[in-house]
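Asker: Mind having a look at this structure? Questions to follow.
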Amino acid sequence: MNFVKRLFWGQYRFYSISTSILFVWMFILDSNDLTVQYRLWSELSEMKAEKAFYQQKIKELEKEKRMVIGNPALLEKYAREKYLMKKPKQDIFVIVDEANQPIE
């Protein structure tokens with residue numbers, strides 16, 4: 001207690017009060033306070049996870065693309081399954097599950 005009293009009422013009073021005000025301003029009152037920094041950090045980590053997910057998806061799609069481009073039969077199968085394309089005078093039947101999602 002004596003140390004705190006000397007710190008705020010002793011010869012270093014100006015420096016200790018100025019430092020205290022600065023810390024309060026930086027950590028509580030500023031537009032980039034601790035809560036904002038935490039929120040931005042969590043958004044950044046979410047975006048990094050999304051980036052990794054999409055990079056994995058891109059690799060999978062590039063692999064599919066390499067497989068489909070060289071094989072006309074596989075290209076036709078891919079177009080029929082993914083994009084529901086058909087030949088003239090053909091009908092397409094899509095089987096769906098309980099959630100109204102197509103079954104692959």
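The values are calculated or read from the model by the stated rules, or taken from the named source; none is laboratory data. Source: prediction; values computed, not measured. Backbone-built Cβ (ideal geometry, glycine too); neighbour counts: all protein chains shown.
Asker: If you check every pair at least six apart or on different chains, which have Cβ atoms under 6 Å apart with a residue in the stretch 85-100 that is farther than 19 Å from Leu75 by Cα first and a residue that is among the β-branched types (Val, Ile, Thr) second?
Answerer: Ile95/Ile103; Asp97/Ile103
Asker: Return the total of residues in the stretch 81-104 being surrounded by 10 or more Cβ atoms within 10 Å (Cβ to Cβ) and either part of a loop (DSSP other than H, G, I, E, B) or at pLDDT 80 or above (or both).
Answerer: Start the filter on the stretch 81-104 by keeping residues that are surrounded by 10 or more Cβ atoms within 10 Å (Cβ to Cβ), which leaves 81-82, 84-86, 102.
So of that shortlist, the ones also either part of a loop (DSSP other than H, G, I, E, B) or at pLDDT 80 or above (or both) come out as 84-86.
Qualifying residue count, the stretch 81-104: 3.
Asker: Which of the residues belonging to the stretch 28-57 are over 16 Å from the mean Cα position of the chain (by Cα) and in a helix (DSSP H, G or I)?
Answerer: Ile28, Leu29, Leu34, Thr35, Val36, Gln37
Asker: Pairs, please: C-beta under 7 Å, at least 6 apart or cross-chain, first residue of a type in the set (Phe, Trp, Tyr) and in the stretch 54-79, second surrounded by 10 or more Cβ atoms within 10 Å (Cβ to Cβ) and part of a helix (DSSP H, G or I)?
Answerer: Going by the 7 Å Cβ cut-off, the qualifying pairs are Tyr78/Val68.
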